[in-house]
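Here the structure is laid out as C-alpha cells; the discussion comes afterwards.
The values are calculated or read from the model by the stated rules, or taken from the named source; none is laboratory data. None of these values were measured; they are calculated from a predicted model. Cβ atoms come from the backbone with ideal geometry, glycine included; neighbour counts cover every protein chain shown. Note: areas computed on protein heavy atoms with side chains; ligands, DNA, RNA excluded. Shrake-Rupley method; radii C 1.70, N 1.55, O 1.52, S 1.80 Å.
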Amino acid sequence: MPDQPPLLKCSALDIDIGSIIVTRGLEFTIEPGQCWCVLGRNGIGKTTLLHTLAGLRASAPESIELNATPLHQLSRREVARKLGIVLQHCEDNFPATVMETVLQGRHPHLHNWQWESGVDHAIATQAIEQLGLGGYEARNVQTLSGGERQRVSIATLLAQQTELMLLDEPTNHLDLHHRVQVLDTLVSHGRETNSAVLMALHDINLAARFADHVLLLLGNGESRLGRKEQILETATLERLYDHPLTRVETPLGPAWLPQ
Amino acid sequence: MHQTRTRPLLLTLITTTLLAGWFSLNSGSVPVNVWDAIQHPQTLNAQVLWELRLPRTLTAFVTGALLGIAGALMQVLLRNPLADPYILGVSGGASVGALLAILAGAGSLALQSSAFAGALFSTLLVFSLAHGRGNWDTTRLLLTGVVLAAGWGALISLLLATSPGTHVHGMLFWLMGDLSSATVPVTGSLVLILIALPALLLSASLNLLSGGELRAASLGVAIGRLRITIYILASLATATAVTQAGNVGFIGLIAPHILRLTGARDHRVLLPGVIFLGGTLLLVADALSRRVIAPGQLPVGILTALIGVPLFLYLLYRAGSTYDA
C-alpha cells in the first residue's frame, strides 16, 4: 500500500491559554479510519486543543499539517474541505430551518455565487436522516430542544463530507439512547468513508467503547496518547480526573465507575 | 427559501417599486399629469415633473435601497435582529455635521459635504476605538458604536437647545428625514451599485456569519476580512443615505425583517429583495408625506414610522405560527 501522508500530524505542538499550559511538544498523527477521544478535566484545554487543530486558533507554523501541508498555508476554505468541527456552543440569532442549517455544511464545496444543487440537497437529507431527524427539515432551529439542536450540528458536519471530523463534547444534551446512537453513527460513517474522528468527551465509558485511540490531557502540558487498550488504565484515569474509580468488566469491554 | 422562489419574489418587489414610483410622481401640492408632461416638455407641468418630482422620486428609491441594504448588513454583522443602520453612530456624526452647517447658514452642497464628513469621521472613530489593542470582536464594536451614538445624540440636543429659533425648524426637519431638496441622485446611485455588487457576491458567506463567527470560519469563511468589508459597506451606505435625506428611520430596521417573515432568510434573496423593498417603502412614505397635509409637507421620517410600525406588527402577528412550528 503506497505511503499516504497522515490526515493530521502534530509536531512539537505547544498550546497555552495565558499562563495555563495545555500541551507541550505534543506529537501525534491521525490516520484514516481512526477514532480518537480526548479526555481531561474541565478547563484543561480540550476545546482549545480542538480549536487549534481546526485552525481556529493560531499555532506555530509547521506544527500542524493536514495531508502533509502545513495548516497555516491553507486558506480557510481549503481547510474546511478537509476538516470539519462541531463546536460546543452554537448561536441561533435568526430563525432558520433545519435543512437550511445542514445545507450550510456544503458551503466549502461551493463558490460564493453558486446555489446548492440537487446533489447537495441529497447529501444534506441523508445526513439529517442519519441523525434520526427525518421529518424535521422545515423546523425552525430556534425551537428545537438541546439534544435535537446538537444533532443538527452533527448532521451539518456529516454533510460537509470531510476526511477529518472534530467534535467538541458531541454528547452534551443528548439522552442515553441518542448518545450511543450518535457515536455509533459517527464511528460507522468514519469507517465506511475511511475518514477519521477526533472528539472531546466527558464520559470515559463512551470513549472506551467507541474510540480506538485516546489522548489524555493530564494538565500542565502533560499528555498520554495511544491505543485505548494501552492507555486506559484505572490508575491513569484516577489521576486524570482526580477521583477514585472502580473498574468493571462488561461484555462490551471495561468500564469505570466513580466511587 | 429555495432558489426557484426567488424570481417571483423579486418580480413582485420590482413591480411594487414601479407602482410606488408612479404614485410618487403623482403626489404633491401641484396636480401633475405625467402623460401630458412627457408630451409637452415646456409647460409648468413638465417642469414640476422633471425638475422636482423625478429627482425626488429617484432619490427616495436610492435612499430607501441604501437604508435597506445597510440595515440587513448591520443585522448580520452584529448578529442582532435589533440592529439598524444608525446603531453604530454613523447618522449621529452626519447629523452633527449637518446641524453645524445649518447653523453656519451653509447652502445645500456644503450641508451635504458636512453631513458626509461627519458620517465618515464617526465611522473611522468607531472602527479605531473598537479595534483597540487586538482584533475587534462584535460586542466591543457594538458597545463602542452605541456609546458614540449616544454621545452624538447629546451633541445634537446641545445644538438644538442653543441654536437661534430660525435655524431650529430646519434642523428638526433634517433630523426627521427630509427629501424636499433632493436632486438627481447620481452619486447615490453609483454608491448603491458599488455596495450592492460586493454584498451580493458575499451573500452565501453572510448566511454563515449569522450562525456565529467560529462556525462560519469552520465552514470556510475568512471572517476577519468579511467583518471589515461588511462594516465599510454598511457605513458607506448609511452615510450616503443620511447625506441625501437626513435621518429616515425604520426602513433599515424593518425592511430586512419583513422579508425574513415572508421566508426570504437567505441573503442571496434577502439582499436584492431589501434593495427594492427599502426603495418601495420610502417611495410610498415620501409620496404620502406630500399628500397627507397638502399643500404642506411632513418630514418623511414620520411617515416611515407610521407605515412601518403597523405593517411590521401585522406581519409579525401573521407569522406567529411559523416562529413556533
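Observations
- Furthest towards positive pole of dipole, A:Thr69, B:Gly93, A:Ile20, structure part the protein assembly as shown, Cβ charges: B:Gly93
- Buried solvent-accessible surface, both chains (B, A), 1.4 Å probe, Å² to nearest 100: 2700 Å²
- Occluded residues from the stretch B:204-241, i.e. those whose accessible area drops by 50 Å² or more once the chain is not alone (1.4 Å probe): B:Leu214, B:Arg215, B:Ser218, B:Leu219, B:Gly220
- With all protein chains in place and a 1.4 Å probe, the accessible surface of the stretch A:135-212 carries 45 percent carbon and sulfur.
- Residue order for B:Thr59, A:Thr250 - accessible surface, 1.4 angstrom probe, largest first: A:Thr250, B:Thr59
- Kirkwood-based shape ratio for the stretch A:174-258, expressed as Rg/Rh from alpha carbons: 0.97
- Farthest toward positive dipole pole in the protein assembly as shown [+1 Lys/Arg, -1 Asp/Glu at C-beta], among A:Leu201, B:Ser128, A:Gly190: B:Ser128
- Along its first, second and third principal axes, ordered by size, the stretch A:1-98 spans 47, 35, 26 Å in Cα coordinates.
- Our summary gives the stretch B:211-325 a relative contact order of 24 percent, counting only alpha carbon pairs under 8 angstrom and 6 or more residues apart.
- Calculation over all alpha carbon pairs of the protein assembly as shown in 10 angstrom steps from 0 returns a P(r) of 3, 16, 23, 20, 15, 11, 7, 4, 1, 0 percent.
- Calculated [θ] (222 nm, deg cm²/dmol) that DSSP helices of n ≥ 4 give over chain B, each run adding -39,500 (n - 2.57): -24500 deg cm²/dmol
- The charge dipole of chain A, taken about the Cα centre with unit charges on the Cβ atoms of Lys, Arg (+1) and Asp, Glu (-1), comes to about 140 debye, rounded to the nearest 20.
- Excluding ligands, DNA and RNA, the accessible surface per residue across chain A is 44 Å² with a 1.4 Å probe.
- Carbon and sulfur %, accessible surface of the stretch B:143-285 computed with the full protein complex present, 1.4 Å: 76 percent
- The residues B:Tyr317, B:Tyr231, A:Tyr136, sorted by heavy-atom accessible surface at 1.4 Å with ligands and nucleic acids left out, run B:Tyr317, A:Tyr136, B:Tyr231 from largest to smallest.
- The shape of the stretch B:145-253 can be summarised by an equivalent ellipsoid whose semi-axes, obtained from the alpha carbon gyration tensor, come to 35, 19, 9 Å from longest to shortest.
- Threshold 30 Å² - residues in the stretch A:73-112 whose accessible area is reduced by that much or more when the chain is no longer isolated, probe 1.4 Å: A:Arg76, A:Leu87, A:Glu91, A:Asn93, A:Phe94, A:Pro95, A:Glu100, A:Gln104, A:His107, A:Asn112
- Mean ellipticity per residue at 222 nm, deg cm²/dmol - from DSSP H runs of n ≥ 4 across chain A, formula -39500 (n - 2.57): -9500 deg cm²/dmol
- Radius ratio Rg over Rh of the stretch B:3-319, counting only Cα atoms, Kirkwood formula for Rh: 0.98
- Close amide H contacts of A:Thr23 (hydrogens built in the peptide plane, cut-off under 5 Å, sequence separation of 5 or more or a different chain): A:Ile15.
- Length-normalised contact order of chain B in % [C-alpha pairs under 8 Å, at least 6 apart]: 32 percent
- DSSP finds beta bridges in the protein assembly as shown, and of those with both partners inside it, around 60 percent are antiparallel.
- Centre separation in Å (Cα based) which lies between the stretch B:2-65 and the stretch B:291-305: 17 Å
- Taking all protein chains together, B:Asp286, B:Asp137, B:Asp36 sort by accessible area into B:Asp137, B:Asp36, B:Asp286, largest first [probe 1.4 Å].
- Heavy atoms of the protein chains alone define the surface here; on that basis the stretch B:204-285 has 20 Å² accessible area per residue at 1.4 Å probe size.
- Shape call, the stretch B:210-270: gyration tensor on alpha carbons, a/c limit 1.5: oblate
- Nearest-10 value in Å² for the accessible area of A:His121, using the 1.4 Å probe: 50 Å²
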